Amino acid sequence: MDYETIRKPPVNAHAVRPNLDDYAGTRSAFDYERVIDGLDGLPGGGLNIAHESLDRHVAAGSGDKTCVLWEGKDGRSETYTYADMAKLSNQFANVLRNLGVEKGSRVFVFMDRTPELYAAAFGTLKAGCIIGPLFSAFGPDAIRDRLENSEAAVLVTTPQLKEKVYEVRDDLPALKHLIIADHDASPEVADGELSWNALMADASDEFEIVATDPEDPAVMHYTSGTTGKPKGAVHVHKAVLGHYATGRFALDLHPEDIYWCTADPGWVTGTSYGMFAPFTNGVTSVIYEGGFSARAWYEVIEKYKVTVWYTAPTAIRMLMKAGDDVVKRHDLSTLRFIMSVGEPLNPEAVVWSEETLGLPFHDNWWQTETGSIMIANYAAQDIKPGSMGRPLPGIEPGIIDEEGNVVAPGEEGDLAVRPGWPSMFRTYWKNEELYDSKFRNGWYITGDRARMDEDGYYWFVGRSDDVINTAGHLVGPFEVESALMEHPAVAEAGVIGKPDEVAMEVVKAFVSLKEGYEPTPELRQELTRFARGKLGPGVAPREIDFIDSLPKTRSGKIMRRLLKARELGLEEGDTSTLEDD
Ligand code: PRX
């Protein structure tokens, strides 16, 4: 079914003029190097994300402005001004200095969305260290892979989560300091642990930011590929130019906005758009510690009078499922601009929000590696429901063929971007070879397939690899297969993404058993528990099927494509490399 274009008036019902109201003019005149003119920079040509996010506002006299409206899981609210956040992050930077943690060290956080997480992230940046946030639902294997590869020297976690770290601590010789933070009380700490509260109490709230160069690494996010363990995409301080500019253009942030990004900082959306874009733009952010429920989410919007809201398709589909009655029970009239990212946003969801909330969701596209939004639907532009929108100023995407030539409008190809924008990842940590493999004929290859239409709107087609997108989170099949193979009953495992109405895909595993093991429902349950315990619930398989043997190529590689085709009852395609049974 074709969906009608949603036409945009130049000024919306809230009488806010969009920042990007002259798309063509801005795109042709835009130069990312000039974005620095709207920011401070450090003396001597340096640049630091934390300075631009926090201290810049304090220095400009806006320290009293509310930076964070925090709501805890228990419904408690706390308010933090820009000055408060600047001081808390200064304290943590001093904590790192007092511990002797050197510039360039990796400092990871493994905790829920409490104010301590944000203080730690910005304090780490001020100290010239690299911040690596981990999603709090990760299991021990997922934690070990990331901390082992990054050789993190410091981990900040909580009394509730630290047990998972202990399961793998012996594999982490580089981890020198384990800091335990509890938002509610001073935590009891065991031998070998440090108390956040005690360290912070001893630390001054004044700190001179370590001189960081625009090209110094600042943020690391692990992302999954088809093969191998997750890889750490490294972003530098210069990325802040991208966060700031896209916050204006794609999120349409205005100083009076109350902005809510629902993403956790364990994912790149939760840092680039849960911290850096809103903070550099000086708006007030809502940070909600709790998880998803339609009622709770609508309450957050109503209670804090959210104006700009950035969320994800799975959540939107869950809101649709929860029905319109719950919407009607809340006053959501403060909302003026709403956006979505992370997976394809189905056109029905855009039409639903237009009808139910009075506003269409604006889809946009980017990925961990790109660091900031590349393609977006803008506040001032017509929306074609189902399309990801058009390129940001300063960004040149292309749909290319196998030789790296741009294909004609309407044709499908690899979605690529011309390198050179500030927030582009600079490498995969300790994996330069993989980084180099992502380029073709001067293009960065994103791993997505897409089309561009005659009007320059981009349309997502699918992934070009086996990476699974479940509820907006990328899962590498290899990671899940490796975890299952560690169970004594498992001979082989093959993992695919199975289409799902709400989560887009769910992780499904096919397992063959070793001699002497029976494919019983109990064993299936045990394997599910085993994988969840290792990987966490978001990554572990939702479904497990037992099969006698897995289809493999003659060279022994599991043919996930075939498993998927069989699962979906599709044509099996080219099976000429299939191993004979
Ligand atoms: O496949 C695309 C999908 O999510 C991938 C990026 O995931 P990640 O690196 O975890 O970054 C999350 C920050 C956005 C992309 O390569 N994706 C992202 N946005 C969209 C999307 N697929 C379709 N439509 C989108 N708007």
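Put +1 on the Cβ of each Lys and Arg and -1 on the Cβ of each Asp and Glu in the chain; which of G442, G228, I547 then has its Cα farthest toward the positive end of the dipole? Result: G442, furthest along the dipole toward the positive end. Of the residues G342, W352, A379, the one whose Cα sits farthest towards the positive end of the charge dipole of the range 331-387 is A379 (charges of +1 on Lys and Arg Cβ, -1 on Asp and Glu Cβ, taken about the Cα centre). Bridging of K73 to aspartates and glutamates at a Cα separation below 16 Å is possible for D112, E116, D182, D184, D264, E289, E299, once same-chain residues fewer than 8 apart are set aside. Each of S512, F478, S204 was scored by the projection of its Cα onto the charge dipole of the chain, and the greatest displacement toward the positive side belongs to S204; charges sit on the C-beta of Lys, Arg, Asp and Glu. As a fraction of the 1.4 Å probe accessible area of the chain, surface on carbon and sulfur atoms comes out at 47 percent.
The trypsin sites (Lys or Arg not before Pro) of the range 75-134 that DSSP puts in a loop, and whose beta carbon has at most 16 other beta carbons within 10 Å, are R76, K103. With contacts taken as Cα pairs under 8 Å at a separation of at least 6 residues, the range 189-323 carries a relative contact order of 19 percent. Taking 7 Å steps out from each Cα toward its Cβ at Y517 and L434 produces label points 2.6 nm apart. Extent of the chain along its three principal axes (Cα atoms, max minus min coordinate, largest first): 73, 63, 52 Å. With an a/c value of 1.5 or above and a/b not larger than b/c for the gyration tensor axes a ≥ b ≥ c computed over the alpha-carbon atoms, the range 115-223 is described as oblate.
Beyond 18 Å in Cα-Cα separation lie the following of the pairs K229/K557; K305/K384; K430/K534; K65/K126: K305/K384; K430/K534; K65/K126. Here the 3J(HN,Hα) profile of the range 393-399, calculated from phi with Karplus coefficients 6.51, -1.76 and 1.60 at θ = phi - 60°, is x, x, 10, 10, x, x, 9 Hz, Gly and Pro shown as x. Per-residue ellipticity at 222 nm, computed for the chain from helices alone with -39500 (n - 2.57) per DSSP H run of at least four residues, works out to -7500 deg cm²/dmol. Magnitude of the charge dipole for the range 468-568, about its Cα centre and with charges confined to Cβ atoms of Lys, Arg (+1) and Asp, Glu (-1), is about 360 debye.
Charge dipole (Cα centre; +1 on Lys/Arg Cβ, -1 on Asp/Glu Cβ; no other charges) of the chain amounts to roughly 640 debye.
Ligands, DNA and RNA are left out, and with a 1.4 angstrom probe the accessible area of the range 436-507 is 38 Å² per residue.
Rounded, prolate or oblate: which one fits the range 468-568, using the alpha carbon gyration tensor with axes a ≥ b ≥ c (rounded when a/c is under 1.5, else prolate when a/b beats b/c, else oblate)? Taking the square roots of the gyration eigenvalues as a ≥ b ≥ c, the range 468-568 is oblate. Cross-link partners of K498 among lysines, defined as those whose alpha carbon lies under 18 angstrom from its own and excluding same-chain residues fewer than eight positions apart: K508, K564. For the range 462-556, GluC sites (Glu not before Pro) meeting the loop criterion (DSSP other than H, G, I, E, B) and having at most 13 other Cβ atoms within 10 Å: E486, E501, E515.
Looking at the chain, the DSSP beta bridges with both ends there are about 60 percent antiparallel. Normalised by the number of residues in the range 385-467, the average gap of Cα pairs under 8 Å and 6 or more apart makes the relative contact order 34 percent.
The local environment of E481, defined by Cβ-Cβ distances under 11 Å, has a net charge of -3 under the rule Lys, Arg +1 and Asp, Glu -1.
The values are calculated or read from the model by the stated rules, or taken from the named source; none is laboratory data. Computed from a predicted structure; not experimentally measured. No Cβ is skipped: glycine too gets one built from the backbone with ideal geometry, and neighbour counts run over all protein chains shown. What goes into the accessible areas is simple: the full protein's heavy atoms, side chains included, and nothing from ligands, DNA or RNA. Shrake-Rupley method; radii C 1.70, N 1.55, O 1.52, S 1.80 Å.
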